[in-house]
Every structure is written in structure tokens, then in C-alpha cells.
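Working notes, structure below.
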Amino acid sequence: MSPKKTISGFSKLSKAGKIKWIVQNFFKEPDHVVQELESYWHSNEEQQKILDNFSENTLSNFPMPFGVAPNFLIDSNPYCIPMVIEESSVVAAASSAAKFWMSRGGFVTEVLATIKLGQVHFEWTGDKAKIKYLFPDLKKKLMEECFLFTRSMVKRGGGILDIELIDLTDKEDKLYQLKASFETCDSMGANFINTCLEQLGRSLVDYFKNSEECKNDEKEVRVVMSILSNYTPDCLVRASVECPIMQLGKFPNGMTAEDFALRFRKAVRIAEIDPYRATTHNKGIYNGIDAVVIATGNDFRAIEACGHTYASRNGQYASLSHCTIDDGIFKFWLEIPLAVGTVGGLTSLHPIAKRSLELLESPSAKQLMRIIAAVGLAQNFAAIRSLVTTGIQKGHMKMHLQNILSQLKADPKEEIAAIQHFSEGLVSFSAVREFLEKLRLSNG
Ligand code: MEV
């Protein structure tokens, strides 16, 4: 029977039915694949149901390493940071940078603002002056009619902060925007914001429908769409480290602290002026940030999308971090938008995300912003430190070697011999395989 690559009604099949269809039509060893998928199911059925419901058409779970980076001193408080990441060296690098800065004052952070944004785009075919003239009254109505949805957020200290009318008609005929700003306290707030925005859209139409004065304008207004913006430049946090150059210590190959500081600053400068380098530089920052964002059940796609837009805010994609040396003081800092939550959504449903937050001593959203920014800076520091001293491959190759040795099922004695052998030489899969083959042959 030839394989069927398409199907209708797949979502209506049971989990077993979905797996059966997949393995029969896409895999060479169907029984083996079924066993493998099932082996990653949670042993507790209730827990598996929770995981299944995070998405649709769930067949199994996709394991990722959940690790920790200890010794982070952030605003004088010690933290052990949960990180979910599949790339070797990231957790080791974060831990090493954390330890380095622990004895030099640690990370200092500041939450600069926590404003989130949403937009209702609409067309207004009536008189431009009229919509502008009516807007103060319209805004009052919009706020009032949204109160049903904002009441409990207002009680917690949040809600809708403001609504602005943005005229986009110079770019697109008849197009306007309601730009709403929100405070969502400890929740990421995506659902809250989207619910409010859809109500704002309805209220906008109703305003013209129901008012005697504007009845004739009802047909002039048409909502295009209502959705939050993941670009939140005013949900911003800063993390920094600093110390006198002389306290930076010693570096490999006889590099002095001053030489290190100058090279480090140059490396950051390159990322400030060259988008190719900036992309890799910022990717290094997000190695740390994403790992904590995922571990705490937050939305890493939103965080990344926002950060990269922010990195382009001056017209060219550039470094998110900066470095100065003034009066012998080395300063390195990062300013980054981070819209995260610590209540609601996955943060309270995912069993390990809950543990991550417990490990961080149940932070508020603002505290989590501080922690994540510090990890991003630590990761960036570790990467640049390697790049301007030993090169990145030394550390990477150590981890790479470990992975190859596990793949080739090396026993502990073989591991020791291989680590010694490759301490200077270049690591590649074939070189390690050849080394093990020779070793195994000589040991009979
Ligand atoms: C690798 O995942 C990240 C780095 O390339 C970051 C950087 O170059 O700054 C090491």
C-alpha cells in the first residue's frame, strides 16, 4: 500500500489513531516509532493530559534539558537560575559569568517601565476633522465600556492606561488606529489585552450606531482587526555590571586586564556598528534569555520578536548591549524590552515552569524581568570573553566531545583517554571515532 501523506479529519482521531496514521505513512519502522513516542509519555495520565492540552494533535512530549545556573548575584540577592536549552555550553557559560561577577558586586538591574500595547486598526471614510473632534468623547465611552473586562485588573493596580487615536491616512487611505496602553501587573496579559481590544473595536462601531448625533456616520467606520503588539519598547529593563579594570583579574595567554577590557569594548563596538555581527551578538544574549523564558513558561517568540525590533529602533539592527571604560572603570550593560508574566497561562499550569518560579522564589513580573536581563548580560559577557581570549571553540569542543563520546558509547576509561587526547587537538566526529577504534583494538 503506498503511503498517504494527507488526511482529512486528523484532529478528530484519538491519540492512538493519530500515532497509527503517522507511523504507517511516514516511518520505516512503525512499531519501533510507536514505542519511542510512547516512552516519552508522562507516567501520570493526569499530567500527560495537562501537557496534551497545551497544544493540538499531541502525540508525545519533546524532551529538552532542564538545568540550572547557580551563583547569580542580582541586586544583592543570590539566585539559582532555571534554564531550558539544547545548546551545549550555554548553561556552563552563564554559570561561569555569574561566578565571575559574584565577587565583583554582581548584577545591578532597574525596571524602566512596564507598559504593554495593543492596537485596533479601523477605516473611517467620514470627515477626518470629525473623528478627531469626537475622539475625547469616544475615548471616554471606550474606557467605560471596557470596564467590565478591566475591573479585576484595575483592582490589582493595572488596566488600560490610555487610548490614543493615530492617523495613518498619509500611509494608507482612510486608515486609523486606536493605540491602547496597558498595565498587566504580574500577568503577561496577552488574553486580557486581546479581550479588551476586541471590546474597544465593538464599542467603536456602537458609538456611531447608537449616538443620535452620529447616526449617519455608522457606515463610515469599519474595524479591520484588534490585536496586541508584541513590540513593547516601554516594557523595559536594564542590567549592568561594573568594576575597576584592575579587578577584572587575569586572562589566558598572559592577557592583562587592561588589554582584555579594551578588546572586550572593541568587540561590543563592532556589534554596535555591524548588523551581521550584531545578529550573532544578540543571538548570544537570547541564548540565556530564551532559556529562562522557556523554563518559566513564558512566550519566547514574543520576547525575541520584540527584542529584535528594539535592536533596530534607530534604523539599523545593532547590539542590545554596550560597554564603556571611563576613569579606569569597566562598565557593561544591556537594555532590553521583556514582556513576561509570573501568574496565569503556562506559568501556573506547566509542572516544571511552576518549579522554576519556585526556584526563583516566586518573583513578581518585574523581578523576573530583572533576573532574565541579568542572565542575558551574563551570557553575552561569557561569549565575548571567550571570543576575545581563547576563541569560542575551546569551550564548545569540550562539550561537543562529551556528546560524541556518549553517541559512540565510550566507557569511563575511554572518556578519560579521549579527553586527554583531544585537550589540544581538533575535535570531529570522525577523529573521535577513529581514536576510539584504535584504542579498542589495542585493548583487544
Ligand atoms: C553561540 O550560540 C552564540 C555566540 O555565537 C554568541 C556570540 O558570538 O557573541 C557565541
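What follows is calculated from the coordinates using simple rules that are stated; it is not laboratory data. Given the structure is predicted, the values throughout are model-derived calculations rather than measurements. Ideal geometry is used to build each Cβ from the backbone, glycine not excepted, and the neighbour counts take in all protein chains shown.
Structure data summary
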item	result
Greater than 29 Å apart at Cα, pairs in LYS283/LYS354; LYS28/LYS398; LYS20/LYS354; LYS132/LYS219; LYS99/LYS409	LYS28/LYS398; LYS20/LYS354; LYS99/LYS409
Selection from ASN77, THR195, LEU142 lying farthest towards where the dipole of the chain points positive, charges on Cβ	ASN77
Cα convex hull of the stretch 189-262, projected area averaged across orientations, nm²	10.1
Low-density loop cleavage sites - trypsin sites (Lys or Arg not before Pro) in the stretch 371-444, where at most 15 other Cβ are within 10 Å (DSSP)	LYS409
Cα principal axis extents for the chain, largest first, Å	96, 75, 40
Packing-based ranking, highest mean first, of 14-22, 184-192 given that Cβ atoms within 10 Å are counted	184-192, 14-22
Segments 203-213, 70-80 sorted - mean Cβ within 10 Å per residue, highest first	70-80, 203-213
Electrostatic dipole magnitude of the stretch 3-53 [Cβ: Lys, Arg +1; Asp, Glu -1; Cα centre; debye, to 20]	420
Exposure proxy order (Cβ contacts within 10 Å, fewest to most) of ASP290, ASP137	ASP137, ASP290
Taking PHE332, PHE62 and counting other C-beta atoms within 10 Å, the order from fewest to most	PHE62, PHE332
Cα-based shape type of the stretch 160-304, given that a ≥ b ≥ c are square roots of the gyration tensor eigenvalues and the cut on a/c is 1.5	prolate
Descending Cα extents along the principal axes, the stretch 3-53, whole Å	34, 25, 11
Gap separating the Cα centres of the stretch 157-228 and the stretch 287-324, nearest whole Å	28
The stretch 240-346: C-alpha gyration tensor shape, a/c 1.5 cut-off, then a/b vs b/c	prolate
5 angstrom amide H check on PHE107, placed H, neighbours 5+ away	LEU73, ILE74, ASP75, SER76
